[in-house]
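Below is one structure, written out as structure tokens; comments come after it.
All of the numbers you see were taken from the coordinates with simple rules; none came from a lab. Source: prediction; values computed, not measured. FYI the Cβ positions are ideal-geometry reconstructions off the backbone, even for glycines, and counts take in every protein chain you see.
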Amino acid sequence: MLWALHNRAAEAGRHDGVLTDPACLHIHRRIDYDFAAQFGPPAGSLAVRAAAIDGALRRWLERHPDGIVVSLGEGLETQLRRVDNGRMRWLSVDLPEAISLRERFLPPTDRFRHCAISAADPSWMDEVDPSAGVFIVAQGLLMYLDPALVGALLSGIAERFPGAEIVFDAIPRWFSELTMSGVQQTPQYRLPPMPWGINTDEIAGVLRGWHPRLAQVAFLDYGAPRGFWRLAGEVIDRIPLARHAVPSLVQVSVGEMPGSDGAAAPDVVGTAEVRGRFAAEWFERAAAPFLTMGYVAMAAQAAAFAPIRAFLVGKKG
Ligand SMILES: C[S@@+](CC[C@H](N)C(=O)[O-])C[C@H]1O[C@@H](n2cnc3c(N)ncnc32)[C@H](O)[C@@H]1O
């Protein structure tokens, strides 16, 4: 929870950051904790993840302005402040100790309610009025749950909320296995075990196997915000064996009918397309000076050889 907060705050504090989030910066400043010593330098990818979910939420809120967003395992995420349209409702579901920390900074209101319970306990669903639409966010949560529990949770949502949207992020299998055998992010911080790992090419099939309404799957942008790691992500996306073994951000449209192919198609752009566009722009920018230098060199060469050519042509004539 603190690592994710730190990651978002690092981006929100940059002039070119991918998030604008004064509430996040405020909470980050008020928590007396040596984030950098504990977690190391923030990569910004969790802020990219949050920004991509913001985008999906805003698009959905345009169609469902009075809808309810349920954020499972929300921790200290301030997403509701970033996307609030003044009408939407929000239910934050987290374990009791996390909710009490959240309430120190983000007290509940009539529109923004809290539910101190495990996401695995389906009684939170009784708190959701689905009449104006339901959007469920599980950001940085499912990888910490047992795989059987993830299946039960997602199929429970599909059963109870036909037509809903779900966004969650997932880690690849190899990374899950690494955390299960214990890995230090820094000398001070050992990554918690993450038992649920899934590669991107397995997701659609596994979800459909869990519940036939979990049939429409799209991928949102998830990677580093800029620089070398962003570029490394573009490259990995083009390597056949590696491209499915990366973290993913998934949007699922729950079908209206049993076995149906999902609700209205979400207005999302796949990660590969976003990265492809970025790579093309980057290539154009990087290549432009070299092309210019090439043209200048050719012109200089032609100018230098012109007298020799004129001499030779003249001699021939
Ligand atoms: C890595 S943090 C992510 C917090 C937040 N979603 C974010 O992105 O900043 C994981 C969160 O999941 C919560 N959590 C863990 N197990 C949970 C469960 N069974 N039910 C609900 N929340 C849970 C933790 O309390 C914590 O707030």
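Spacing of the modelled spin labels on residue 177 and residue 38, each 7 Å from Cα toward Cβ, amounts to 3.1 nm. Amide hydrogen proximity for residue 71: with H placed 1.01 Å from N in the peptide plane, the residues at 5 or more positions away or on another chain lying under 5 Å are 91, 92, 93, 137.
Rounded to the nearest whole Hz, the Karplus-based 3J(HN,Hα) values (6.51 cos²θ - 1.76 cosθ + 1.60, θ = phi - 60°) of region 120-134 follow the sequence 6, 8, x, 5, 5, 5, 5, 7, 9, 8, x, 5, 10, x, 10, with x at glycine and proline. Region 137-190 and region 1-63 have Cα centres lying 19 Å from one another.
Below 13 angstrom from the Cβ of residue 65, what's the summed charge of the other residues (Lys, Arg +1; Asp, Glu -1)? Please report the intermediate quantities before stating the final value.
Numbers: positive: 58, 59, 63, 87, 89, 111; negative: 62, 66, 84.
Overall, the nearby charge balance is +3.
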